[in-house]
Amino acid sequence: MKAHHGMYIGGEWRLAAGADTIEVVNPVDEQVIGRVPAGTAADVGHAVRAARAALPGWAATPPTERAAKLAALRDVLVARKDEIAETVTAELGSPLPFSQAVHAGVPILVAGSYAELAATYAFEEKVGNSTVYHEPVGVVGAITPWNYPLHQIVAKAAPALAAGCTVVLKPAEDTPLTAQLFAEAVAEADLPAGVFNLVTGLGPVAGQALAEHPDVDLVSFTGSTAVGRRIGATAGAAVKRVALELGGKSANVILPSADLAKAVNVGVANVMSNSGQTCSAWTRMLVHTSQYEEAVGLAAAAATKYGDRIGPVVSAKQRSRVRSYIEKGVAEGARLVVGGPESPREQGYFISPTVFADVTPDMTIAQEEIFGPVLSIIRYEDEEEAVRIANGTVYGLAGAVWAAEEAEAVAFARRLDTGQVDINGGRFNPLAPFGGYKQSGVGRELGSHGLTEYLQTKSFQF
Ligand code: NAD
């Protein structure tokens, strides 16, 4: 795998201020595949200065020209999609077909959607006797996780650039090679120097320096609730804008009228995909008591079929975290139906697809985000109880509802405290706002709602 020794700052690859590096490890065979610089506050300072210097020019660039640059960036991502998929597979461990379809495919869709939005969005509007201008917020500090390495970057950088903001990115330390590839794409698409900058490094060092930097106008963070809380507090103290995309513990509610087999199979696939490392995964399956054992049997069969087909989790640390949740599930009295804490292979950070039945809503595995291929099946007696259980966590990111009639599912879904719900297996929509209720976050990504996060208004009265 190709790894740059430098950081992409001010339109060029320049050496880091310090000599420390971060090893990038392939989770399938535990081999080191590259090293990237571990940036410090000094590198963050350089990058923020470059972003600040580029801001006036980029903010004044007509939106149609910004749109053309984003379209060029999308085209580079298309041209390099195989390389992107291979890089994500090498550092995240996801199977290549999934990397091709999702890790490379979705960012292309999202970048394309912002090329279009930049060209068509009403950056100026009339409201009575006023003209309202939608202006860029300024310099954006973007901090991203490893689970969808390129998607998380593009979901921040593309709307920020479309809005006329400039960006400093601090990507996750486990997947920096994909971030370097994105910086190469930015250069190849000929975006002006300093409009996008990359600082690789550790969260508590480079990430924290970026979040605390006084010349950053908006911090957009995706990651754990624990870190998000700190970043929110720091931004609050400095009275600066913040967007937080945090954890989830979504419910997959199967109403008695639903096609049970379909709902269970799609639900299991949702949890196992990306080895369970999806913040919006439906990790709690809620089934009516009359269909409970049938659903458990179907879920066990579906999870067993996944067997060897899922990739590892990203790191040794993540593997031990997931294992300890599985052990806790057993210790708290849940019934282990498939899988378990033992490693299915000698090498690599693999976890067997795991299904728990007889999970009660108060158990740790029903409350906390596991971020691994682990499904909890919970029983409900009636619809009121299903609503209570579905809403009974600190999170509210996503979810699913299944019923024979769409109207029945929609009526139930309206009662859920969550940002997105898939009705009867509805498809992903890159234009639909994505983000959390409750402790799943603040703000929305994707589509026009994602664009407005990076804009502020100025009104002239006549
Ligand atoms: P994490 O919070 O540890 O790290 C996320 C990013 O923050 C990384 O780039 C990391 O280096 C950085 N970071 C860590 N400590 C920091 C600090 N003190 N200051 C500034 N930056 C810091 O999360 P993770 O383990 O990488 O990712 C998993 C978590 O992310 C899960 O909880 C998951 O639900 C969440 N997530 C949420 C979404 C969403 O859209 N809601 C998407 C993906 C992941």
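The values are calculated or read from the model by the stated rules, or taken from the named source; none is laboratory data. Given the structure is predicted, the values throughout are model-derived calculations rather than measurements. Quick reminder, even Gly has a Cβ in these numbers, built from the backbone with ideal geometry, and neighbours come from all protein chains shown. Heads up: the accessible areas ignore ligands, DNA and RNA and are worked out on the full protein's heavy atoms, side chains in. Shrake-Rupley method; radii C 1.70, N 1.55, O 1.52, S 1.80 Å.
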For region 187-200, take each phi angle, set θ = phi - 60°, evaluate the Karplus expression 6.51 cos²θ - 1.76 cosθ + 1.60, and give the result in whole Hz per residue in order, putting x for glycine and proline.
-> 5, 5, 7, 6, 6, x, 4, x, 6, 10, 10, 10, 10, 7
Distance between modelled label sites at LEU96 and THR120, nm, 7 Å Cα→Cβ extension | 3.6
Cα shape, region 31-118, gyration tensor, a/c 1.5 rule | oblate
To the nearest 10 Å², what's VAL296's accessible area with a 1.4 Å probe?
-> 10
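Just want to confirm a number: the relative contact order over region 251-429, from Cα pairs under 8 angstrom separated by 6+ residues, in percent.
28
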Rg/Rg_globular for region 251-429, with Rg_globular taken as 2.2 N^0.38 Å and Rg from C-alpha atoms = 0.96
Along principal axes, Cα extents of the chain, largest first, whole Å | 63, 59, 41
Between THR21 and VAL394, what is the FRET efficiency for a Förster distance of 51 Å, r being their Cβ-Cβ separation, to the nearest 0.05?
-> 0.90
Return the FRET efficiency for the residue pair ARG35, ALA60: r is the Cβ-Cβ distance, R0 is 51 Å, and the value is rounded to the nearest 0.05.
-> 0.85
Which whole-number percent is the relative contact order of the chain (Cα, under 8 Å, 6+ apart)?
-> 18
Which FRET efficiency, nearest 0.05, do GLU406 and SER459 yield, Cβ-Cβ r, R0 41 Å?
-> 0.50
Using only alpha carbon positions, build the gyration tensor of region 223-336, then give the equivalent ellipsoid semi-axes as the square roots of 5 times its eigenvalues, largest first, whole angstrom.
-> 32, 18, 14
Round to the nearest 10 and report in Å² the accessible area of SER94, as given by a 1.4 Å probe over the protein chains' heavy atoms.
-> 10
In the chain, carbon and sulfur make up what percent of the accessible area (probe 1.4 Å)?
-> 53
The chain - accessible surface per residue (Å², probe 1.4 Å) = 39
Quick one: length gained pulling LEU431 to ALA68 fully straight, 0.36 nm per residue minus the C-alpha distance?
-> 128.8 nm
